[in-house]
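Colleague: Let me give you the structure first, and then I'll get to my questions.
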Amino acid sequence: MAGKLDWLAAGLPYEGEFEGWPTAGSVARTDVPTCGLDERVGEVRDRTRGAGWDACVVVNAERVVLGLLRPKELDGPADRTAEQAMLAGPATFRPHVPAQEMAEFMVEHDLPRARVTTSEGRLVGLLLREDVERSALEFHRSRHHHQEDDDDATD
């Protein structure tokens with residue numbers, strides 16, 4: 001079973017009952033800013049905010065997630081390194097987690113964003129709560145609409 005989970009965790013396509021359902025990996029934004037451990041917070045802040053973001057994911061050369069610079073850390077002393085300022089070891093989620101499940105979790109735990117990674121810890125993207133809530137709602141509405149169409153066809 002580990003092979004199937006690794007396949008799903010890598011965000012690769014799959015078939016079956018849940019084919020086409022939005023997932024954390026399909027909704028996550030892949031253009032999230034990243035930085036290395038040695039980069040200065042001031043430079044990272046300018047680059048991150050200049051790109052319209054309020055957070056930056058700290059990664060190594062292989063894009064393995066090491067930490068996160070949230071607005072609180074980005075507003076800190078400009079001369080600190082990302083390693084000194086980051087929230088180390090942030091929780092991550094796998095790409096195959098259904099968007100509906102992620103939306104519920106993020107609301108329940110008041111998370112504005114979540115890191116999506118492969119099973120090896122490589123960054124897939126950053127999932128924003130408003131994106132995942134919208135995606136889950138749109139998918140629910142489209143399935144409900146299709147269900148009504150199917151019901152009408154059988155009448």
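Read the figures in this text as sums done on the coordinates, not as results from a lab. Predicted model only: the values in this text are computed from it and were never measured. Cβ atoms come from the backbone with ideal geometry, glycine included; neighbour counts cover every protein chain shown.
Colleague: Read phi for every residue in the range 96-106 and hand back ³J(HN,Hα) as whole Hz from Karplus 6.51 cos²θ - 1.76 cosθ + 1.60, θ = phi - 60°, with x for Gly and Pro.
Modeller: 7, 5, x, 4, 4, 5, 5, 4, 4, 5, 5
Colleague: I've got another one for you. Quick one: dipole size for the range 21-154, taken about the Cα centre, charges +1 on Lys/Arg Cβ and -1 on Asp/Glu Cβ, in debye to the nearest 20. Before the final figure, lay out each step's value.
Modeller: Working: 17 positive and 25 negative charges, 129 e Å.
With Lys and Arg at +1 and Asp and Glu at -1, about 620 debye.
Colleague: Give me, ordered by chain and number, the residues 5 or more places off R113 or on other chains with an amide H under 5 Å from its own placed amide H.
Modeller: Answer set, sorted by chain and number: R129.
Colleague: Out of residues 5 or more away from L66 or on other chains, whose amide H comes under 5 Å of its own, with H placed 1.01 Å from N in the peptide plane?
Modeller: Close amide H contacts, sequence-distant or interchain: V58, V59, N60.
Colleague: Looking only at Cα atoms, what is the convex hull volume of the range 21-154 per residue, in Å³?
Modeller: On the way: hull volume 13.8 nm³, N = 134.
So the per-residue Cα hull volume is 103 Å³.
Colleague: With each label point set 7 Å from Cα along the Cα-Cβ vector, what nm distance links D54 and R141?
Modeller: Spacing of the two 7 Å Cα→Cβ label points: 2.4 nm.
Colleague: Check T23: other-chain or 5+ apart residues with amide H under 5 Å from its amide H, H built from backbone geometry?
Modeller: Result for T23 returns A99.
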